[in-house]
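Beneath this line is the structure, given in structure tokens, with notes to follow.
The values are calculated or read from the model by the stated rules, or taken from the named source; none is laboratory data. Predicted model, so just to flag it, every value in this text is computed and none were measured. So basically every Cβ, Gly included, is an ideal-geometry build from the backbone, and we count neighbours across all protein chains shown. Calculation scope for accessible area: heavy atoms of the full protein, side chains included, ligands and nucleic acids excluded. Shrake-Rupley method; radii C 1.70, N 1.55, O 1.52, S 1.80 Å.
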Amino acid sequence: TEGTGTAPADLRNSTRFAIGGERVASRDPLAHWFDRVAYRLGFAYTATCYRPDGNPVNEWALSAGAGIPFSRDARLNLGVEYAHRAATNPSLITDNIIRVVLSLTISEQWFVRPDEE
């Protein structure tokens, strides 16, 4: 609480552990399309900062994604994550979360001006 140097009873330190892997895509333009796609998988566990009525809220998540090439140095990244967040007391609210991610990765080659002839 303010001025006393103590944290509110409903809060705690937050910690997150995550691990993931990626199959790196081939940069060979003649490689099969599936070999040029980057595939990703991940897992995360979070001890959130919330502790309503002394019941810690924790979350685990699984994620998967792919980086789809649409030119030599550009990729459309698609990802989906399923997460489950719940308190240790089953009578409190439980959340099932689906996150969808869409991003674009382009290399600096896109920003280099071609030489004029």
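For the stretch 25-64, relative contact order (Cα pairs under 8 Å, six or more residues apart, normalised by length) works out to 35 percent.
What is the calculated FRET efficiency for Glu22 to Leu104, with r their C-beta to C-beta distance and R₀ = 25 Å, to the nearest 0.05? It would help to have the intermediate numbers written out before the result.
Numbers: r = 17 Å, r/R0 = 0.69.
The computed FRET efficiency comes out at 0.90.
The value of relative contact order for the chain, using C-alpha pairs under 8 Å at least six residues apart, is 19 percent. Peptides 83-89, 24-30 ranked from most to least packed, by the mean per-residue count of other Cβ atoms within 10 Å: 83-89, 24-30. The figure for Phe43 is an accessible area of roughly 90 square angstrom, using a 1.4 Å probe on the protein chains alone.
Between the residues Ala64, His84, Leu102, the greatest Cα displacement towards the positive end of the dipole of the stretch 56-116, with unit charges on the Cβ of Lys, Arg, Asp and Glu, is found for His84.
Rolling a 1.4 Å probe over the protein heavy atoms of the stretch 7-65, with every protein chain left in place, gives an accessible area that is 62 percent carbon and sulfur.
Computed with a 1.4 Å probe over protein heavy atoms only, the accessible surface of the stretch 31-117 comes to 70 Å² per residue. Note on Ser14 and Ala83: the extension gain reaches 23.2 nm, defined as 0.36 nm multiplied by sequence separation minus the Cα-Cα distance.
Could you work out Rg/(2.2 N^0.38 Å) for the chain, with Rg from alpha carbons only?
On the way: Rg = 21.5 Å, N = 117, 2.2 N^0.38 = 13.4 Å.
Compared with the compact-globule rule of thumb, the chain sits at 1.60.
Report the net charge of residues surrounding Ala83, where surrounding means a beta-carbon distance below 15 angstrom and charges are Lys +1, Arg +1, Asp -1, Glu -1.
Numbers: positive: Arg16, Arg85, Arg99; negative: Glu59, Glu81, Asp95.
Combined, the nearby Lys, Arg, Asp and Glu give 0.
Taken about its Cα centre, the chain carries a charge dipole of roughly 380 debye when the Cβ of each Lys and Arg holds +1 and the Cβ of each Asp and Glu holds -1.
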